[in-house]
1. Could you tell me whether the stretch 23-30 includes any residue that is under 17 Å from residue 191 (Cα atoms), over 14 Å from the mean Cα position of the chain (by Cα), more than 16 Å from the ligand (Cβ to nearest atom) and in a loop (DSSP other than H, G, I, E, B)?
2. Would you mind listing the strands (runs of 3 or more DSSP E) fully within the stretch 173-286 where at least 3 residues are surrounded by fewer than 18 Cβ atoms within 10 Å (Cβ to Cβ)?
3. Being away from the ligand (no atom under 11 Å from the Cβ), at pLDDT below 95 and out of contact with any strand residue (DSSP E or B) (no Cβ under 6 Å at 6 or more places or on another chain) is true for just one of 207, 173. Which residue is that?
4. Hey, among the residues in the stretch 243-274 that are in contact with a strand residue (DSSP E or B) (Cβ under 8 Å, 6 or more places away or on another chain) and at pLDDT below 95, which one's farthest from residue 93 (Cα to Cα)?
5. With the condition kept exactly as written, say whether any residue in the stretch 188-202 is away from the ligand (no atom under 15 Å from the Cβ) and out of contact with any strand residue (DSSP E or B) (no Cβ under 7 Å at 6 or more places or on another chain).
6. Counting only residues that are more than 13 Å from the ligand (Cβ to nearest atom) and within 15 Å of residue 58 (Cα to Cα), which one in the stretch 242-269 is nearest to the chain's Cα centre (by Cα)?
7. State all residues of the stretch 160-172 that are more than 23 Å from the chain's Cα centre (by Cα) and part of a helix (DSSP H, G or I); if no residue qualifies, say none.
8. In the stretch 218-233, is there at least one residue being within 14 Å of the ligand (Cβ to nearest atom) and in contact (Cβ under 8 Å) with a residue 12 or more places away in the chain?
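The values are calculated or read from the model by the stated rules, or taken from the named source; none is laboratory data. Predicted, not measured: the structure shown is a model, and the values here were computed from it. Cβ atoms come from the backbone with ideal geometry, glycine included; neighbour counts cover every protein chain shown.
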Ligand SMILES: [Zn+2]
């Protein structure tokens, strides 16, 4: 919480506050992703892999460029924390902050998940979202946010003074370590801010603090991504379950999450191209 203001407002405070906001990053000039190709291609898919992520654990999966990834709620309402990497170079990974700056606080169909610098390109694009009907609720909440980070044992340690080892950060770390044969510290360095799949969140209207509320997800709901480049993904079934109460202990009811990877029919992606890395020269003025 902030201190009450120590300075009185100037006479023209109202005028200063009432200037019109300007969108920081208008996306009209972003190279568009060919959504019409994705919408057609997703009508005829063949499953090539699936991973059932256990509650309070995480699971890794691979999705070659041009494949679809479907993350589905099974058994009960459950949110997931998703990390994405370039399958051939873990240093290229999902950049939640820039994705938020471009597409807003929550993602749905048509929005891309961008990688960080210097590659900065679409890694995946949301191709279908069964919760797209939710929109914005009266609290200012919505689903699939890129404003949270991931629940983690460090923040929990500071806030509660207790150790908890099944926060999404640790789940992602263990799963990546196992999948890539890395030691824990090495793997931890690759874990990054997530896409909060199915999580219902926002900023409170009074204090603008990050809030969560019970996810509207129900078994059968899914969020589907199109892999724009060869991807390694890792999804954690958050210890918060539907995130209606807490998220860093064993109190909540937790359920598995199903990840399925699909290939498309021959020719279905004709006209699609995998995005190249960013063309900035990297000279930075020198
Ligand atoms: Zn979590």
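1. No; the residues of the stretch 23-30 include none that is under 17 Å from residue 191 (Cα atoms), over 14 Å from the mean Cα position of the chain (by Cα), more than 16 Å from the ligand (Cβ to nearest atom) and in a loop (DSSP other than H, G, I, E, B).
2. Output list reads 210-213.
3. Step by step, each of 207, 173 is checked, and only 207 is away from the ligand (no atom under 11 Å from the Cβ), at pLDDT below 95 and out of contact with any strand residue (DSSP E or B) (no Cβ under 6 Å at 6 or more places or on another chain).
4. 244
5. Yes, the stretch 188-202 contains a residue that is away from the ligand (no atom under 15 Å from the Cβ) and out of contact with any strand residue (DSSP E or B) (no Cβ under 7 Å at 6 or more places or on another chain).
6. 259
7. 160
8. If we filter the stretch 218-233 for residues that are within 14 Å of the ligand (Cβ to nearest atom), which is where we start, we get none.
No, because not a single residue in the stretch 218-233 is within 14 Å of the ligand (Cβ to nearest atom) and in contact (Cβ under 8 Å) with a residue 12 or more places away in the chain.
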